[in-house]
Structure formats: C-alpha cells, structure tokens
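Colleague: One structure, as structure tokens, below. Some questions next.
Throughout, read-outs are computed from the coordinates displayed, never taken from laboratory work. Being a predicted model, the structure only gives us computed values, none of them experimental. Glycine gets a Cβ as well: all are built from the backbone with ideal geometry, and neighbour counts include every protein chain shown.
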Amino acid sequence: MSNFHERRRVLQLAGASAVASVAGCSEFASPESEEEVEDEPEDGPENDDVLTAIVEPAASDREELQEEVLDGELSQEEAFERQNELFEAAIDDFEERAESEADSDLRIERSEGEVGLYHVDGSADVLVDALRNEDISVLGQPALFDQLLQQQQQPEPEGQEIDEEDLEETDE
C-alpha cells in the first residue's frame, strides 16, 4: 500500500472516530422507553448488553506527534509511520487489557481490531475506567459498529485525485 493510501486510511480512522464520538453522544442523549426496547428484534447485538468501542491513541500522543511535525522534528513520512505505530500500540494494549480482565469485567464480543473497532461487554466501572484512561476513545450504541465498518469498506473513488494540502487542512 502506498504512503498516500496508508495516510488516507489513518485519516479515515480519525474522521470515523470524530463522527463516532458525535454519534455516540447523540445516541446517549435520547433515552428509549421500555415499550421501544420490547419491540426490538430478539436477535442481533442491539439486544445484548454490548457497546461499540473505538480504540485509538491517546489525544496527548496525537497532539505531541503533530507538534513534532510542526516544529520540523519529524518529516511527514516519519510522522505517518509513528502514527501507525501509535494506533497499533493502542489496539494491542486494549486487547491485552480485555484478555487480562475477569470474564464479566470486560469482554470483546466482536472485533475489527485492525481498525480499532469493537463490540464490548463488561461492567460499567471497567468501561468508564477504560474511557478515563483513554484505552477506549469512543463508546457508543451497538449499531455504530456496523455503520463505521460499512463506512470503512466503501471503495475509494477511482480517477479522483485528492490534494494532500486539502487533507492537511482537514486535520487541523
């Protein structure tokens, strides 16, 4: 995969995280009535106690990386490589944490680990702690998992070039 395509993937992940955080917050803002919950289908993750979790590097790590690029300490290529390493490390740390927790405290029910997208189940205390410690960056409704996964799998338009300067402006 070319550097441009790798960079595009990272930008997509970051964009998906931002969208997910907004979507997750709006989903939690509208409580469902008991009647609506009873009308939902019996099968599917929406009826389980799973939530969608997005794992990405801590905001402080991403900000530090951006500062290093702006200060000229890292080239764009080096920064991109470091950003990939940060994503991989965050994903590995989260999966290790899930494996080390007791069965009822934190479980990964479904995983798209290569993009940091999970269906998780566990105690409220452990999930809130994971958010506070930035092990999880976004926690949302179960349906968010499929929405983000579908968004990631959309083919990129052929023949359409994207100006890298426009991408950099979007990052800021």
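Colleague: Between S137 and residues 5 or more places away or on another chain, which pairs have amide H atoms under 5 Å apart, with H built 1.01 Å from N, and which residues are they?
Modeller: Close amide H contacts, sequence-distant or interchain: I54, V55, E56.
Colleague: Taking other Cβ within 10 Å of each residue's Cβ, how do E99, E134, E64 sort, fewest first?
Modeller: Numbers: E99 10, E134 16, E64 13.
Result, fewest neighbours first: E99, E64, E134.
Colleague: Compute the length gained on full extension between E88 and A58: take 0.36 nm times their separation in residues and subtract their Cα-Cα distance, giving the result in nm to one decimal.
Modeller: On the way: separation 30, 0.36 × 30 = 10.80 nm, distance 1.20 nm.
Gain in length upon complete extension: 9.6 nm.
Colleague: Can you give me the orientation-averaged projected area of the convex hull built on the Cα atoms of region 72-159, in nm²? Present the calculation step by step, with values, prior to reporting the outcome.
Modeller: Details: hull surface 31.4 nm².
Taking a quarter of the hull surface, the average projection is 7.8 nm².
Colleague: I've got another one for you. FRET efficiency for V128 and E77, Cβ-Cβ distance as r, R0 = 45 Å, nearest 0.05? Intermediate results must be reported in sequence, preceding the final value.
Modeller: Numbers: r = 38 Å, r/R0 = 0.84.
With a Förster radius of 45 Å, E is 0.75.
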